[in-house]
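Each value in this text was obtained by applying a stated rule to the coordinates, not by laboratory testing. Since we're looking at a predicted model, the values are computed, not measured. Backbone-built Cβ (ideal geometry, glycine too); neighbour counts: all protein chains shown.
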2 protein chains.
Amino acid sequence: MTSTIPVISIHPIEGLPEILPGDDLPGLLAGALGRMSFSLADGDVIVVAQKVVSKAEGARVALEAVEPTPETRRWAEQWDKDPRMVELVLRETRRIVRRERGLIISETRHGFVCANAGIDLSNSGGKDLAILLPEDSDRSAGQIRQRLAEKAGAEAPGGPEAGAGAGAGAGAAPGGGFRKNTPDIAVIVSDTFGRPWRVGLTQVALGVAGLAPLLDLRDSPDVDGRTLHATIIAVADELACAADLVCGKIARVPAAVIRGYRFERPREEQPAGGAALIRDPEMDLFR
Amino acid sequence: MTSTIPVISIHPIEGLPEILPGDDLPGLLAGALGRMSFSLADGDVIVVAQKVVSKAEGARVALEAVEPTPETRRWAEQWDKDPRMVELVLRETRRIVRRERGLIISETRHGFVCANAGIDLSNSGGKDLAILLPEDSDRSAGQIRQRLAEKAGAEAPGGPEAGAGAGAGAGAAPGGGFRKNTPDIAVIVSDTFGRPWRVGLTQVALGVAGLAPLLDLRDSPDVDGRTLHATIIAVADELACAADLVCGKIARVPAAVIRGYRFERPREEQPAGGAALIRDPEMDLFR
């Protein structure tokens, strides 16, 4: 098949162990890829589920340590919810958007608007163990990107010694570029959010490193020469959704590699990271 | 690379001409796939942009034929909008959700909540020509699915004659199953919607045929045995997002094939089609 646009492929990263606090997640991802005989290459996008990032970072709370206020307890019991969970959600909340019928939609202290402040009890690694969002998902994405690229470079033919740098293990240059033999990859930390008006959950990008999260087509003429004045595509969210097609909730596949998508590098004059995907409250009609 | 979960691939369908009212879109898609030497197979998901579906169905309006009311004209001029476009948006609207700062977010007469009632002036095929949403996107998806499968079956080795049926050209059985040699494909008609709280547009599935649009994991135990009680994944929307990675806005690639995603067939007891992705207003906190 001939094609001027490359075919995109999505590869599940399988065989990861249960992730525990303090685990070297990039190292475990590199090991799993190695056992799959999969070599990362320039332009690969690695999408990692928020839950394993949070687990590795120890962003978890045992519900037995949470003491709900009397008010929270009353509201939770009215709606048949665990009062400790509700208390934890409120602690992670900067501003409540809706609190109705037992549901809490809020802006988390990180700025994301979602249900339950992004806190999750499923697949948490223990009974009544709550997993919180990563403290800084963009930082998490950046760290995974750097460490994973280093490991991939070290394992590639030639190894890091073939590169120009002196410091072993410092494969990524500070500016975001990479040394020779270290693949120029991007990393997305993704989570599962609901949305108004539509049934079902989809993936969103909480943290992004190495690619521009928004594709701005505003200055591009369409095929009739009309300017596409309102078209900014949330490509990082679309990549997160694509990865979910192989990740699933049940199989233990918390990460995937997307190959063949020609992403744009972050540009200095544009907002970067997953933070760029959060709408300014001033511009939002639904806060 | 060994993998128990199949790798997913996304293939742009290239070389389609400008679509005009009355065009045989499934035939044009089959022709483009033929020129790409791409044979559709069981399990393929074909995602087609709403705009070409609407164009083929003639769902378009010349703005010069639209007469705005005085009230609409006043509001449009206040916000520097084309009053004829605003009038058309209001005609396609069942209920306004927000009308602020020159923006109209409304529930269309089809039930979708989106900006500008889904009407688009870009790449419309002519100056001041507005493209409306398809009259019934699920019906459109069903028709494309049936015709495309028939054409693929006719062109496959063995042809439709090898099948059990008598009527040539009637490859698809009424129940949604297909005869021998006719691939069992799914079709999604997708569009580009914005969303509250997050910057940028993503794809949504307006019409769906041949696959269950929602993946209901509510009865599945997670790896700790905890029931995932609130987890329904909008897989049709995620598939639409994945296809957008190869479709883009500028290159004339209004369709893609996703291969390797193990979708579930629609089940009689579940809501089907793109309509199943529209949240019941009674259950929506943001109407």
* Exam field: residue B:265 pseudo-label spacings to other copies (7 Å along Cα-Cβ), nanometres -> 5.0
* Structure fact -> For segment B:109-148, the dipole about the Cα centre with charges only on Cβ (Lys and Arg +1, Asp and Glu -1), to the nearest 20 debye, works out at 140 debye
* **Cβ-based exposure ranking for A:36, B:283, in which fewest neighbours within 10 Å come first** => B:283, A:36
* Considering only the label points, 7 Å along Cα→Cβ from Cα, what distances in nm to one decimal separate residue A:125 from the same position in each other copy, shortest first? -> 5.6
* Let me know the whole percent of all Cα-Cα pairs from segment A:37-165 that are separated by more than 27 Å. => 36 percent
* Enter the mean number of other protein chain beta carbons within 10 Å of the beta carbon of each residue in B:5-18, as an integer. => 5
* **Neighbouring partner chain Cβ atoms per residue of A:199-211, average, 10 Å criterion** => 5
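Using 0.36 nm per residue, how much length does the chain from residue A:96 to residue A:80 gain when fully extended, once their Cα-Cα distance is taken away?
Full extension of this stretch gives 3.8 nm more.
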* Asked: In which sequence would A:202, A:231, B:192 go, from the one with the fewest C-beta neighbours within 10 Å to the one with the most?
  -> A:231, B:192, A:202
* May I have the convex hull volume per residue, in Å³, for the Cα set of segment B:10-67? => 96 Å³
* Looking at segment A:32-90, which chymotrypsin sites (Phe, Trp or Tyr not before Pro) are DSSP coil and have at most 16 other C-beta atoms within 10 Å of their C-beta? -> A:79
* **Descending principal axes extents, segment A:1-104, alpha-carbon based, whole Å** => 63, 34, 22
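Can you sort A:37, B:190, A:9, A:124 by how many other beta carbons sit within 10 Å, fewest first?
A:37, A:9, A:124, B:190
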* To do: Take the alpha carbon atoms of segment B:114-157, find their center, do the same for segment B:28-48, and report the distance between the two centers in whole angstrom.
  => 15 Å
* Asked: Hey, got the average number of other protein chain Cβ atoms within 10 angstrom for residues in A:273-286?
  -> 3
* Förster radius 25 Å - calculated FRET efficiency between residue B:62 and residue A:270, Cβ distance, rounded to 0.05 -> 0.10
* Asked: What's the FRET efficiency of residue B:139 with residue B:218 using the Cβ-Cβ distance as r and R₀ = 51 Å, to the nearest 0.05?
  -> 0.95
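Assuming R0 = 25 Å, what is the FRET efficiency of residue A:24 and residue B:262, from their Cβ-Cβ distance, to the nearest 0.05?
0.20
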* Asked: What are the ³J(HN,Hα) values, in whole Hz, obtained from phi via the Karplus relation 6.51 cos²θ - 1.76 cosθ + 1.60 with θ = phi - 60°, for each residue of segment A:90-103 in sequence order, with x given for Gly and Pro?
  -> 5, 5, 8, 9, 8, 7, 7, 8, 9, 9, 9, 6, x, 9
* Structure fact -> Amide H neighbours of residue A:8 at under 5 Å, excluding residues fewer than 5 places away on the same chain, with H built from the backbone geometry, are B:10
